[in-house]
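Engineer: One structure is given below, represented as structure tokens, and several questions about it will come after.
The values are calculated or read from the model by the stated rules, or taken from the named source; none is laboratory data. As the structure is a computational prediction, the values presented were derived from the model and not from experiment. With ideal geometry, Cβ positions are generated from the backbone for all residues, glycine too; neighbour counts draw on all protein chains shown. Each accessible area value is taken on the protein alone, full model and side chains, heavy atoms only, with ligands, DNA and RNA left out. Shrake-Rupley method; radii C 1.70, N 1.55, O 1.52, S 1.80 Å.
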Amino acid sequence: MNLPVHPIHDPVATPLAGADLAPSEIRELEEEIALLKRREDAVILAHNYQVPEVQAVADFVGDSLQLSIQGQQAPRSTIVFCGVHFMAESAKVLSPGKRVLLPNLSAGCSLADSITAESLEDWKARYPDHAVVTYVNSSAEVKALSDICCTSANAASVVRSLPQEKILFTPDKNLGAWVAKKVPEKEVVVYDGCCPVHDVLRASSVDRVKHDRPGAVVIAHPECRQDVVAMADEVCSTTAMLSAVQHFPRARTFIVATEHGIVHQLRQRYPDREFVVADGCIGCRMHCPYMKMIDLVMVRDALLRGKHEVVVPADVAAGARRALERMIAVPRDA
Ligand code: 13P
Ligand code: SF4
């Protein structure tokens, strides 16, 4: 077998997965990955936004919350996390005894980068009476400074579950605003970070797409702006989008306001329905470059060479684990 080996994982130079692989090479890589997975006692987790080839070799495909829990529960000593850095870091924090590999260390997240431990300390000093709720799209250091974490699947339940009336929600301003509406009994102060992939979408674009498809159902991720969320028939996490389709048995067309990678799972599950990305085209604007940085060669190399092990300092991990475990104890919304 003579398959290409990626030299250095440069975020700009890294090709989209499968873009430079022939179908026979993909098959060879799939076989090699299956063998190595057994040899390394590994489970492969892939986020819903990963490229189809990577989703195909994963044992589990899901949203942030599901994958963190599946990594913890899988009776395997190695987790290969095909997602972005904060997700692999959460898996490590929740499974300290396991080896966690992120096939491409450059796979970051702009939203997670929008808040640092120092900026959170500043906000906490301004709002000393507020309980800090932090979206999992954040570093382990930021989680460690928070009272509890949340994901898009459980954010409102997490806020509702807290005894405090005053909440500081970080870092996503759109998710925070959505939660504040859903839990009006709490006073929610929202940090000012956002995901550029979701924040770029405007209601006028969704309107245009909807105009051409009368009767289409709009499903939005809560990282979208409030005007987009307001016109959605359902607002939910990426995995909840997969079951949301069943809530509309008569609808043929769904307009999906999130990163376009989710369309692969949706089409696989519902081949008789039409799925359109809310910006009107697949991969134009609602494209997360970080989520497309892992390909099959990198998954193979992760297993073959232990690339790249995610390590979290023990004191930071302990604080982040406390915030994540508190979150996991709260039932999810949808
Ligand atoms: P989910 O937890 O809904 O999968 O979302 C993660 C994410 O990064 C959305 O941009
Ligand atoms: Fe981060 Fe946005 Fe990409 Fe999700 S879509 S990983 S929030 S940059």
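Engineer: For residue 267 and residue 246, FRET efficiency with R0 = 25 Å and r from the beta-carbon atoms, rounded to 0.05? Each step should come with its number before you reach the end.
Structural biologist: Working: r = 15 Å, r/R0 = 0.60.
The formula returns an efficiency of 0.95 here.
Engineer: Let me ask something else. Rg/Rh for segment 211-315 to two decimals, with Rh computed the Kirkwood way over all alpha-carbon pairs. Mind dumping the intermediate values first?
Structural biologist: On the way: Rg = 17.1 Å, Rh = 15.6 Å.
Answer for segment 211-315: 1.09.
Engineer: Which three numbers, in whole Å and largest first, are the semi-axes of the equivalent ellipsoid of segment 106-249 derived from its Cα gyration tensor as √(5λ)? Walk me through the numbers before you get to the answer.
Structural biologist: Values: eigenvalues 164, 55, 36 Å².
Ellipsoid semi-axes (Å, largest first): 29, 17, 13.
Engineer: Another question about this same structure. Between residue 227 and residue 160, how many nm apart are label points set 7 Å from Cα along the C-beta direction?
Structural biologist: Distance between the two pseudo-spin positions: 3.0 nm.
Engineer: Could you tell me which Cys residues in the chain have no other cysteine's Cβ under 4.7 Å from their own Cβ, answering none if every one has a partner?
Structural biologist: Taking the Cβ cut-off of 4.7 Å, the unpaired cysteines of the chain are 82, 109, 149, 150, 194, 195, 224, 236, 288.
Engineer: Also: Using the Cα atoms as the points, what is the convex hull volume per residue of segment 71-150 in Å³? Display every interim value, and only then the final one.
Structural biologist: Details: hull volume 7.2 nm³, N = 80.
In segment 71-150, the Cα convex hull volume per residue is 91 Å³.
Engineer: Please list the three semi-axes, largest first and in whole Å, of the ellipsoid equivalent to the chain, using sqrt of 5 times the eigenvalues of its alpha carbon gyration tensor. Let's see the in-between values first.
Structural biologist: Working: eigenvalues 186, 143, 55 Å².
Those come to 31, 27, 17 Å.
Engineer: Return the carbon/sulfur percentage of the accessible area of the chain, one whole number, probe 1.4 Å, all protein chains in place.
Structural biologist: Working: 7090 of 13580 Å².
Ligands and nucleic acids excluded, carbon and sulfur give 52 percent.
Engineer: Let me ask something else about it. Could you give the radius of gyration (one decimal) and Dmax (whole number) of the Cα atoms in segment 146-210, in Å?
Structural biologist: Radius of gyration, then largest Cα-Cα span, for segment 146-210: 13.4, 43 Å.
Engineer: Let me ask something else. For a Förster distance of 41 Å, can you work out the FRET efficiency between the beta-carbons of residue 35 and residue 285, rounded to the nearest 0.05?
Structural biologist: On the way: r = 39 Å, r/R0 = 0.95.
The formula returns an efficiency of 0.55 here.
Engineer: Keeping all protein chains in place, calculate the accessible area per residue for the chain (probe 1.4 angstrom), answer in Å². Intermediate results must be reported in sequence, preceding the final value.
Structural biologist: On the way: 13580 Å² over 334 residues.
Normalised by residue count, the accessible surface of the chain is 41 Å².
Engineer: Percent antiparallel among DSSP beta bridges with both residues in the chain, to the nearest 5? Mind dumping the intermediate values first?
Structural biologist: Details: 1 of 34 bridges.
Roughly 5 percent of the DSSP beta bridges within the chain come out antiparallel.
Engineer: How long are the three semi-axes of the equivalent ellipsoid of segment 182-243, in whole Å, if each is the root of 5 times an eigenvalue of the C-alpha gyration tensor, listed from largest down? Don't jump to the answer; show the numbers that get you there.
Structural biologist: On the way: eigenvalues 103, 42, 28 Å².
Over the Cα atoms of segment 182-243, the ellipsoid semi-axes are 23, 14, 12 Å.
Engineer: With the crude spin-label approximation of a point 7 Å out along Cα→Cβ, what separation in nm comes out for residue 213 versus residue 73?
Structural biologist: Here the modelled spin labels are 3.2 nm apart.
Engineer: Residue-wise, which Karplus ³J(HN,Hα) couplings in Hz belong to segment 107-124, taking 6.51 cos²θ - 1.76 cosθ + 1.60, θ = phi - 60°, and x for glycine or proline?
Structural biologist: 6, x, 7, 4, 5, 4, 6, 6, 9, 10, 4, 5, 5, 5, 4, 4, 5, 5
Engineer: Spelling out what I want: for every residue of segment 206-223, take phi, set θ = phi - 60°, compute 6.51 cos²θ - 1.76 cosθ + 1.60 (Karplus), and round to whole Hz; glycine and proline get x.
Structural biologist: 4, 4, 4, 5, 5, 4, 7, 9, x, x, 5, 9, 9, 10, 10, 7, x, 7
Engineer: Separate question: Check which residues have an amide H placed less than 5 Å from residue 293's amide H, if you skip close sequence neighbours.
Structural biologist: Amide H to amide H, under 5 Å and 5 or more residues apart or across chains, residue 293 pairs with nothing.
Engineer: Shape call for segment 295-334 from the C-alpha gyration tensor, a ≥ b ≥ c root eigenvalues: rounded (a/c under 1.5), prolate (a/b greater than b/c) or oblate? Mind dumping the intermediate values first?
Structural biologist: Details: a/c = 5.60, a/b = 1.69, b/c = 3.30.
Note, shape of segment 295-334 comes out oblate.
Engineer: Quick one: which residues, 5+ away or cross-chain, put their amide H under 5 Å from the amide H of residue 135? H built at 1.01 Å from N.
Structural biologist: Amide H neighbours of residue 135: 150, 170, 172.
Engineer: Once Lys and Arg get +1 and Asp and Glu get -1 on their Cβ, which of 106, 134, 82 lies farthest toward the positive end of the dipole of segment 59-138?
Structural biologist: About the Cα centre, the residue reaching furthest to the positive side is 82.
Engineer: A further question follows. Under 5 Å between amide hydrogens, which residues at least 5 positions from residue 274 or on another chain qualify, with H placed 1.01 Å from N in the peptide plane?
Structural biologist: When sequence neighbours closer than 5 places are left aside, the close amide H contacts are 253, 254.
Engineer: Right, next: Return the loop-located GluC sites (Glu not before Pro) in segment 170-245 (DSSP other than H, G, I, E, B) with at most 15 other Cβ atoms within 10 Å of their own Cβ; answer none if there are none.
Structural biologist: Working: sites: 185, 187, 223, 234; in loops: 185, 223.
In loop regions of segment 170-245 (DSSP not H, G, I, E or B), the sparsely surrounded GluC sites (Glu not before Pro) are 185.
Engineer: Taking 45 Å as R0, compute the FRET efficiency from the Cβ-Cβ separation of residue 27 and residue 124 and round it to 0.05. Walk me through the intermediate numbers first.
Structural biologist: Numbers: r = 52 Å, r/R0 = 1.16.
So, using R0 = 45 Å, E works out to roughly 0.30.
Engineer: Quick one: what are the phi-derived ³J(HN,Hα) couplings along segment 93-105, Karplus 6.51/-1.76/1.60 with θ = phi - 60°, whole Hz, x for glycine and proline?
Structural biologist: 4, 7, 10, x, x, 9, 8, 10, 10, 10, x, 9, 5
Engineer: Something else now. Would you mind listing how long segment 259-334 runs along its three principal axes, going by Cα atoms, in whole Å with the largest first?
Structural biologist: 48, 38, 24
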